[in-house]
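The values are calculated or read from the model by the stated rules, or taken from the named source; none is laboratory data. In this text the structure is predicted, and so the values were computed from the model without any measurement. Here the Cβ is made from the backbone with ideal geometry for all residues, glycine too, and neighbour counts use every protein chain on show. Protein only, heavy atoms only, side chains kept; ligands, DNA and RNA dropped before computing areas. Shrake-Rupley method; radii C 1.70, N 1.55, O 1.52, S 1.80 Å.
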Number of protein chains: 6
Amino acid sequence: MRSENRSDQQCRNLSITPHFTNQAEGSVLICSGQTQVICTASVEERVPPFLKGQDQGWVTAEYSMLPRATNQRVRRDRGGQVSGRTLEIQRLIGRSLRSVVDLKALGERTITLDCDVIQADGGTRTASITGAYVALAMALDHLKSSGVSFISNPLKGQVAAVSLGILENRILLDLDYLEDSQAEVDMNLVMTATGGIVEVQGTAEGEPFSAAQMNGMFELATAGLKGHFAAQLEAIAQGRR
Amino acid sequence: MRSENRSDQQCRNLSITPHFTNQAEGSVLICSGQTQVICTASVEERVPPFLKGQDQGWVTAEYSMLPRATNQRVRRDRGGQVSGRTLEIQRLIGRSLRSVVDLKALGERTITLDCDVIQADGGTRTASITGAYVALAMALDHLKSSGVSFISNPLKGQVAAVSLGILENRILLDLDYLEDSQAEVDMNLVMTATGGIVEVQGTAEGEPFSAAQMNGMFELATAGLKGHFAAQLEAIAQGRR
Amino acid sequence: MRSENRSDQQCRNLSITPHFTNQAEGSVLICSGQTQVICTASVEERVPPFLKGQDQGWVTAEYSMLPRATNQRVRRDRGGQVSGRTLEIQRLIGRSLRSVVDLKALGERTITLDCDVIQADGGTRTASITGAYVALAMALDHLKSSGVSFISNPLKGQVAAVSLGILENRILLDLDYLEDSQAEVDMNLVMTATGGIVEVQGTAEGEPFSAAQMNGMFELATAGLKGHFAAQLEAIAQGRR
Amino acid sequence: MRSENRSDQQCRNLSITPHFTNQAEGSVLICSGQTQVICTASVEERVPPFLKGQDQGWVTAEYSMLPRATNQRVRRDRGGQVSGRTLEIQRLIGRSLRSVVDLKALGERTITLDCDVIQADGGTRTASITGAYVALAMALDHLKSSGVSFISNPLKGQVAAVSLGILENRILLDLDYLEDSQAEVDMNLVMTATGGIVEVQGTAEGEPFSAAQMNGMFELATAGLKGHFAAQLEAIAQGRR
Amino acid sequence: MRSENRSDQQCRNLSITPHFTNQAEGSVLICSGQTQVICTASVEERVPPFLKGQDQGWVTAEYSMLPRATNQRVRRDRGGQVSGRTLEIQRLIGRSLRSVVDLKALGERTITLDCDVIQADGGTRTASITGAYVALAMALDHLKSSGVSFISNPLKGQVAAVSLGILENRILLDLDYLEDSQAEVDMNLVMTATGGIVEVQGTAEGEPFSAAQMNGMFELATAGLKGHFAAQLEAIAQGRR
Amino acid sequence: MRSENRSDQQCRNLSITPHFTNQAEGSVLICSGQTQVICTASVEERVPPFLKGQDQGWVTAEYSMLPRATNQRVRRDRGGQVSGRTLEIQRLIGRSLRSVVDLKALGERTITLDCDVIQADGGTRTASITGAYVALAMALDHLKSSGVSFISNPLKGQVAAVSLGILENRILLDLDYLEDSQAEVDMNLVMTATGGIVEVQGTAEGEPFSAAQMNGMFELATAGLKGHFAAQLEAIAQGRR
């Protein structure tokens, strides 16, 4: 039996709490089962050097885990080399969010999405993407209510993510840590609310998988993400109240 | 008027929530006014190299702030030099906690106290010490209930901390960020429940202060920390339920 | 018109020269169009700390570009933080190669695949995987001819990789740099000779893509990689002569 | 018996040699018993980035020990993380000296105080502060005699420091290394010539201490620092000759 | 017998292939016996900060070895401290090349010579210098044919280098790795085509050597480098065709 | 006229003060004109990993300058990349000293020579070598008087160093900073008391030099170092008293 008594096709309980901390322009706590991530969106009125004078903005992300988010304490990414896993994940989050932002419309400002995992039980990168989208939307709301006027809406779509896996030939949606560590195939799908694929990253830890299985995972993700998109909209609405 | 409508001699509201995250042997969220810190205590059955074979344990601390715990986003202590401020604070936390632990009684294990500030409004280092004490006590409770027997109680005292300052010749207890940034003198006191001083760190940013003012601060801290000690005991008791 | 006058469904000319350098147990120069990568396989009779005493081997990879492999000189990943791109690529190469190695059969030794790009024109990571496979096979041949006997063949499959992209709604196989920089979707597929998917990494830089397009890319890759698999076998055979 | 046959209330012999090296604007060798520190003051006609355009100067410090200043050779703070102890000490020195400098009057220049311990026998940070004050005053003399005119005297006070400790219930002034390593309480006091406290840092390594003991230490420090202030003035006068 | 059946006074076979890679302004593969180095010259239209506004150019070098250029795999100079050996060699290459460049005539541009050893059998630093000279000349040819006009020829001489050693009292020219590891004296000479010495670096690993032996080495180098200078001119001419 | 009114063939005044600091097994202050270096020799009863179990010792060196040893303050080699110049110099010092030590006779111990320049006026690396030799001899004396018995004398020779230069066609011995910065050729010679060459490092900053000039420099160095060798022996003798 899977955690939360769910079927292979069901996601874990998902909750998104807006305004979780009070300093950032956008801030949520996203809980996907036992996985908990604080996502904040910080606006700075400047762009990185490589974009200077190009009349556009930038969206970037940083990802980190508290040392004891996991079962064993993990050393901080500090005072030396940031781990490849961390860099890989935060690059994924940044690309995913940029896919729904019109950087020209954003203007010469940077929005940094900090995703800090305080409790980890699988799917931290997908929860980070799903939560960061809400923080980003909140930050844009904040800019608008602070009197910033955009030439057009910088937010050109809605994006969320979910993990999938193949375990004993079953395709599972939204794996927790235990499932993830046993899965033969590990897949992360980032999709838009209109059903387009923004990012796909799949790895066969054990047996290779087929195009047919890949298709099965797309279908499952498309269905499962409906709940994510609804929860995002609800959190954004709640954040405005 | 001070925040929370309090007098110069009053601390901010203090709450300590045990079991805030579910992986560490001890874990709390401590809120002191708007300042919020997650403190976890992680037990590892080994000691650092400099203590190998000395038949004693170790207690150490790490301190960090989420990048957007503050009004302006702050760069992570990552991939390079950890800031002097961070090192100074985590050394203070470690020393303060070791002052109430019998390292011989602890046995050959290390307890790491991770203090991660998720919201900062002054007094993050003192809140970290006060919260870390509870996480430490919970971790020792956890060890005992897991069947570890100690030769004697590793916890030989109770420790908490509070900040003070001098602002326009008034001595203030438990400063928030705004007060802290204006204070002429900045003081942190770490004391035991029996009234002893474990650490004192005071800096005159503007005018030097006198021994008499120093005494006034001791008295105020002694009175103010009574509430901290009670809140700690309550949280430890609650953590056992 | 595409480079080398090829159709959307054709790969660039591919050549794999075994024994390109003379020190490593396995060594090739792989040329895919203008992209040139030196891949060496180095055998060490020890395993990394995390595998000590587990009676199995390890396969890992490092990826680097000569500073002037590209049109503009790029700083070396030296004396500081290795770039996220580099770490991401070498983790991909390592995982891809491990997918066809029986680490138990390999025994307690490590094979490191160094992929050094001396000329870059798109597809350096896929060329690295394709070339590293040959270097790996050569290193295993070298071990056998040096008298090492394995409990079973450590090489349990054949793996190669190719890039794909979507540009102006056309699906293109094996993009050169110019195409890559204009593509709306950037896909890397790592597959086995028996048609299984080992890794899929796809990113929509512009418009999201559909499951149908994804399927189109799988089909194209499966057809295109036939030439890669043949070239690998030919190079391995030549390396034995 | 204490070193140099002194009572609990006596400091070690103190000597301050001006112009010890010949390149810096201010330079002394300070010897406090066996502890020897070279302090230089370097003037640069620019301010750090965070003070640009604010029409004020800056005073900062760096602290280091020669590897064999101590009984056992210590690794240099080089090629990696500077130790927390080093950062803590140099921050203390910098703050202490800034407490007696009018940064507005200094104008847009930076004075860096380098404190390099060539022989260590306890009290290196307090000797650094006491010596750095003289180097700083010499550098200001140098600027004046080079024709710089200040809007008002940048030096608004005189500062020196001394260590104290509690050992077997006795309060000791100016501990050498052997005493320091045995003391239950370790205290550093930075005071002005007019008796104000600029910095207080006290740590109970063993038993906590009382406010009464703290007061005893203030009194002892106030008396003991009289000799320091006289020695500083004598060295500054000698430096002018 | 020495490798390639040569006498003590003979160099190994030397070949220099121009246009070895296709992106850099100058690029060669230099083979000296089994030692193989890719040397590229990259032109950038800016100078390092310390030369800003001084109306002159700069020539610098970087040196690296592929991890498996040698018999044992060597860790990359990555993510930390670059090795002293690497820094020493690339500083030597840079100084040697600057000795034949008129930096004023070069104008405000930087030429970076990247010397990447793909196969190492002794003499990698001298081969790097000899090859880098050709790459540099090619880059200047490239600038001229791109329409850049210089106030005068930036290339004011021709430089090449060779190693020598003393082994069992014999003076050997151009040592391979095996000879180098046994030699009692290790010498590198960088000379101009007109017989001047640009750099001399000699180390007695075992017995000290005499001025007479030093003279013997100069004579041998002068004779041996004639072939290097001819090969350089031939490669430059070939690069123009 | 040269500093100290000396001829082209004369060295600056040289003094070597033994026991300059009191913690190291060997310690001197060497003054060569205005250049002043503290050299200490530290004995540790272990060898670096690469010499484990080879029944021999090791001699190594570290070199550093106080930030204000020079006319302009120089950043410390701290918290990052050690400069190439520093690494080059300390490698030279280490090699030079090892040339006169029988590492087998030394036994499994490491002697580290720390050369810290407190005042710099040219020739800091040669003064470091000359001074470090005395510190090394003192440390060996210390070991002997502590009861260590060696199978044979670990010190098999005497080594010292001097700089030379060519300036306006004159060969100068022992250059100060001003001369050094104007010299066309910069030479460092490390020689033994019996006249052998241990290290030669010469660089033509401007015009190349001839073998004849090289010979002239050897002769001058041989004559000039006589005073160095005598001063070393006198300091060692004085250190024993």
Problem - Shielding of B:21-28 by partner chains, average beta-carbon count, 10 Å - result: 5
Practice task
Compute the FRET efficiency between residue D:207 and residue C:215 as 1/(1 + (r/R0)^6), taking r as their Cβ-Cβ distance and R0 = 60 Å, and round to the nearest 0.05.
Solution key: 0.20
Fill in the blank from the handout: Taking the axis of the rotation relating chain F to chain D, the F residue whose Cβ comes closest, together with that distance in whole Å, is F:78, 3
Handout entry: Equivalent ellipsoid dimensions for region B:58-121 as semi-axes, Å, which come from the Cα gyration tensor, largest first
Key = 27, 12, 9
Fill in the blank from the handout: One decimal, nm, nearest first: from residue E:169 to the same residue in each other copy, label points 7 Å out along Cα→Cβ, the values are 4.1, 8.1, 8.1, 8.7, 9.4
Exercise for the section: Would you please give the FRET efficiency between residue C:167 and residue E:237, computed as 1/(1 + (r/R0)^6) with r the Cβ-Cβ distance and R0 = 41 Å, to the nearest 0.05? Expected result: 0.45
Handout entry: Counting all C-alpha pairs of the protein assembly as shown, share separated by more than 55 Å (%)
Key = 32
Practice task
Could you give the spread of the C-alpha atoms of region A:164-231 along their three principal axes, from largest to smallest, in whole angstroms?
Solution key: 33, 25, 17
Handout entry: Longest DSSP-loop-exposure-free segment, GluC sites (Glu not before Pro), chain B, at most 14 other Cβ within 10 Å
Key = B:46-167
Problem - Magnitude of the charge dipole, the protein assembly as shown, Cβ model with Lys/Arg +1 and Asp/Glu -1, debye to 20 - result: 0
Handout entry: P(r) tail fraction, chain B - alpha-carbon pairs more than 30 Å apart, %
Key = 24
Handout entry: For region E:63-75, Karplus couplings with θ = phi - 60° (6.51, -1.76, 1.60), whole Hz, Gly/Pro x
Key = 10, 7, 10, 4, x, 10, 5, 10, 4, 10, 5, 10, 4
Handout entry: Positive-end residue, region B:183-234 charge dipole about Cα centroid, Cβ charges, pick of B:216, B:232, B:198
Key = B:232
Fill in the blank from the handout: With +1 at each Lys and Arg Cβ and -1 at each Asp and Glu Cβ, the charge dipole magnitude of region D:96-174 around its Cα centre, to the nearest 20 debye, comes out at 320
Completion exercise
A correct Karplus calculation of ³J(HN,Hα) over region D:182-197, with 6.51 cos²θ - 1.76 cosθ + 1.60, θ = phi - 60°, whole Hz and x for Gly and Pro, returns 9, 5, 8, 10, 10, 10, 10, 10, 10, 10, 8, 5, 8, x, x, 8
Fill in the blank from the handout: Computed about the Cα centre, the charge dipole of region B:159-205 from +1 Lys/Arg and -1 Asp/Glu charges at the Cβ has a magnitude in debye, to the nearest 20, of 240
Handout entry: With 5 Å bins from 0: P(r) over region C:1-80, alpha-carbon pairs, percent
Key = 3, 11, 13, 15, 17, 16, 11, 7, 4, 2, 1, 0
Completion exercise
Taking the label point 7 Å from Cα along the Cα-Cβ vector, the copy-to-copy distances for residue B:151, listed from shortest in nm with one decimal, are 4.4, 4.4, 6.6, 7.4, 8.1
Practice task
Enter the Cα centre distance for the pair region D:187-228 and region F:121-200, rounded to the nearest angstrom.
Solution key: 49
Problem - Cα gyration tensor, region F:124-167 - rounded (a/c under 1.5), prolate or oblate - result: prolate
Practice task
Would you please give the FRET efficiency between residue A:55 and residue D:105, computed as 1/(1 + (r/R0)^6) with r the Cβ-Cβ distance and R0 = 51 Å, to the nearest 0.05?
Solution key: 0.70
Handout entry: Flagged links, alpha-carbon separation over 18 Å, of A:104/A:156; A:52/A:156; D:104/D:156; D:104/D:144; F:144/F:226
Key = A:52/A:156; F:144/F:226
Exercise for the section: State, in square angstrom and to the nearest 100, the accessible area buried between chains A and C, both chains counted, probe radius 1.4 Å. Expected result: 2300
Fill in the blank from the handout: Averaged over residues of D:67-75, the number of beta carbons from other chains lying within 10 Å of each residue's Cβ is 6
Exercise for the section: Give the whole-number value, in cubic angstrom per residue, of the convex hull volume spanned by the C-alpha atoms of region A:1-136. Expected result: 128
Exercise for the section: Could you tell me what percent of the accessible area of chain C is made up of carbon and sulfur, with a 1.4 Å probe and every protein chain present? Expected result: 48
Completion exercise
For residue A:108, inter-copy label-point distances (7 Å, Cα→Cβ), nm, shortest first, read 2.3, 2.3, 6.2, 6.2, 6.6
Completion exercise
Interchain or sequence-distant (5+) residues whose placed amide H lies within less than 5 Å of the amide H of residue A:109 are A:57, A:58
Fill in the blank from the handout: With only helices counted (DSSP H, runs n ≥ 4, each -39500 (n - 2.57)), the per-residue ellipticity at 222 nm for the protein assembly as shown, to the nearest 500, works out to -10500 deg cm²/dmol
Exercise for the section: Mind checking region C:32-104 for trypsin sites (Lys or Arg not before Pro) that DSSP puts in a loop (not H, G, I, E or B) and that have at most 11 other Cβ atoms within 10 Å? Expected result: C:52, C:75
Practice task
Show the residues, 5+ positions off or on another chain, whose built amide H is closer than 5 Å to the amide H of residue E:10.
Solution key: E:173
Exercise for the section: Taking amide H positions as placed in the peptide plane 1.01 Å from N, state which residues far from residue C:78 in sequence (5 or more) or on other chains have amide H under 5 Å from it. Expected result: E:79
Completion exercise
For region B:205-219, in residue order, the Karplus 3J(HN,Hα) values (coefficients 6.51, -1.76, 1.60; θ = phi - 60°; whole Hz; Gly and Pro = x) are 6, x, 6, x, 10, 9, 4, 5, 5, 4, 5, x, 5, 4, 4
Completion exercise
Given all pairs of distinct Cα atoms, region F:128-241 yields a Kirkwood Rh in Å of 15.6
